[in-house]
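Nothing in this text is a laboratory measurement; each read-out follows from the coordinates by a stated rule. Because the structure is a prediction, the values reported are computed rather than measured. Neighbour counts run over all protein chains shown; Cβ positions are idealised from the backbone, glycine included.
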Amino acid sequence: MEDFISNLPDEVLGKILSLLPTKLVVSTSVMSKRWRNLLLLVDNFDLEDSATSGFSDFLEKTVAHLSTCPIKRLSLSGRYEIPRSNCLIVTALDRGCLELHLQSRYLHLGIRILSSNNTLVKLTLSKRTDLAGHVPPKGTVFFPALKTLSLGALVVNEELYQWFISGSPALEELFIRECCDDPPTWKGSVFSKSVKRVTVYFHLPRFSWAYDEEVWFNTTSLEFLDYSAFVSQGYTLVDDMPSLVEARLDLRLWEPSVSYDSDYIYQYFDVYRPEDVFGNVTNLVAGIRNVETLHLSPDALEVFFFCCDYMPVFNNLRNLSFESDEEKGWQALPLVLNNSLRLHTLAIKGLVHRVTSRCGDACPCISKTKRGMCCLSACRIKVLEITGYGGSFRELKQMRHFLGKLQCLETVRIGVQKDSNKYLRANLTNLPRASPKCNIQFI
């Protein structure tokens, strides 16, 4: 049988091999003489070393090849001796490496190895990689081309960690992820004048002390923020976030909110939050008030209520989406809707939530005598999107409430399972609607 793949040009085969795991690539070199020298055309190396895999000889041979071929991407994971890992990294950087991903608990790296580089576009450091060295003098730039930086759990001092962020003048994307049992590395600050997208996942419940200090953002060019963490003591936003267009927030309380959600407590507090709830997100919420699109988790919706002294006016908010949870309440929803006068689209994943006495007119779960001020009748929402609709009595009751209160609705999109019975759809289409333009669609 004719081997069509082997007949392809060397340059094409090199591109194909660059997409495969490096260990597999090397194994192809022993298949035939035709494949023996193609390793020199590979520019993407994904290497893993371990004490039990017998991979050392393979790595040594790979290093020898790296010295004679260009490299676009190098990824190291597993266990490495310092001389071997440093040799691999230096060789890759000397060959014009664009992407460097170091994910090794046993990797010890001196920042001087990176100091002469001016080609790196993407850099990943995680898995307790140990960084050593002195913070460069102020104004020093070691990463002039770096656009994407990903930082996981590291072994590094605070000043050097912060320098990786602020010392990259072309940085556009920043990813911070810490969620293991190791002590935290990120100290709660992001200082960058150039960064446009920031994603933070900081879930370390065993190290509650890491949340005692304020979180600082000095990111005047930021356009997108995805922030997932337990609530910190406070937040400081230098010059707010004037360029922010979209925000995703998954903020979590340290204690269940049910102990604070009672009519007895609200009789003695004029502000939204009881005094003994840990954390204050007032500055953070105020700092994102100019967003056009806002996504909230079930926990974040409760945090907006319990940890915010006041709800700012969202003058530019056009798209609001949140996820519902049967153990989380909608207490903050009336506050957000009343302060979002330009809201066009409301998207909700799931309708079942915990019944509270503070949802106002956002839901029909309590009697009218206990509701707060109306938040739906004055809304000018034109598009309502509901996903995960199951057709229960509570869900149908909530849909009746929405359709009967939202007077400007034009389109209602409801996500139901394909095999849902015809009565479920009929029950929805027969509900009375406050808007004569309202059209119901099933997706």
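Values as computed for the structure displayed
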item: Compactness of region 176-249 as Cα Rg over 2.2 N^0.38 Å, two decimals; result: 1.09
item: Separation of the residue 411 and residue 199 label points, Cα + 7 Å toward Cβ, nm; result: 2.7 nm
item: Sorted peptide list for 136-146, 175-185, criterion being average Cβ within 10 angstrom, highest first; result: 175-185, 136-146
item: Inter-label distance for residue 378 and residue 216, nm, one decimal - labels placed 7 Å from Cα along Cα-to-Cβ; result: 3.9 nm
item: Computed E for residue 310/residue 439 - FRET, C-beta separation, R0 41 angstrom, nearest 0.05; result: 0.65
item: Approximate spin-label separation residue 145-residue 392, in nm, with each point projected 7 Å along Cα-to-Cβ; result: 5.5 nm
